[in-house]
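What follows is a set of notes on a single structure, which appears directly below.
We did not get these values from a lab; they are worked out from the coordinates using the rules stated. Quantities reported herein were computed from a predicted structural model and do not represent experimental measurements. Positions of Cβ are generated from backbone atoms using ideal geometry, with glycine treated the same way; all protein chains shown enter the neighbour counts.
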Amino acid sequence: MARYTGPKCKLCRREGAKLFLKGARCESDKCAFSRRQSAPGVHGSAFKRKTGDFGIQLREKQKVKRIYGVLEKQFRNYFEVASKKAGVTGEYLLGLLERRLDNVVYRANFASSRAQARKLVGAGKFNVNGKNSKTPSILLGKDDVITTSLGAVSEKDIPAWILVEKGGIKVLDMPSREDIKENINEKLIVEFYSR
């Protein structure tokens, strides 16, 4: 299975925004993006190029892929599913990404980052509707129940579409665009794939 194993702080610097890939470290003074906001590499701070429409759309797509920890083929498949649905394609795409099991575990504060949530799910620490699940990409639906023996690791805000109870999580509703707090312009992603 392919995945990115390089330095995560380099990804934040490339995108020019905090992606919160390292959990608590991103909120501290040790965050690489707050120390150096230039792009990584030898010529990161010296060489600035004017970015065209394609480059802006590509950077937005890459940013969303990196936030959710999804590779290109899987992200493209999510976009194709979203484009076949009636309604706003970009909002439905973000809703699909939010409904992933590893993201729900992260949003419910059982992990400090999505990468840590992915590891916990892969280790079999969560049961979905009574069945042990080791697949982080499972899409959860309304009224799905996730049980675990783990405790919460932080006290961040929990979205309204998730209910966290002792020993588990319940999906109350589908996520809406207002529930997603990240600075994402989904219209640029739709324009990128519509070329």
ask   = Using θ = phi - 60° and the Karplus curve 6.51 cos²θ - 1.76 cosθ + 1.60, what whole-Hz ³J(HN,Hα) does each residue of region 175-190 get, with Gly and Pro shown as x?
value = x, 9, 5, 5, 6, 8, 8, 5, 7, 10, 10, 5, 5, 5, 5, 5
query = Straight-line reach from LYS134: which lysines have a Cα under 26 Å away, not including same-chain ones fewer than 8 places off?
reply = LYS8, LYS22, LYS63, LYS65, LYS73, LYS119, LYS125, LYS142, LYS156, LYS166, LYS170
Expected-Rg normalisation [2.2 N^0.38 Å, Cα atoms] applied to region 46-168 = 1.20
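Mind ranking 61-72, 123-134, 93-104 by how tightly packed they are, going by the mean number of other C-beta atoms within 10 angstrom, highest first? Don't skip to the answer; put the middle values down first.
On the way: 61-72: 19.4, 123-134: 13.5, 93-104: 23.3.
Highest to lowest by the protection proxy: 93-104, 61-72, 123-134.
Take the Cα radius of gyration of region 100-174 and divide it by 2.2 N^0.38 Å, with N its residue count; two decimals is plenty. Working shown, then result.
Working: Rg = 10.7 Å, N = 75, 2.2 N^0.38 = 11.3 Å.
Cα Rg divided by the expected 2.2 N^0.38 Å: 0.94.
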request  = Post the alpha-carbon centroid distance, region 146-176 to region 89-108, in whole angstrom.
outcome  = 13
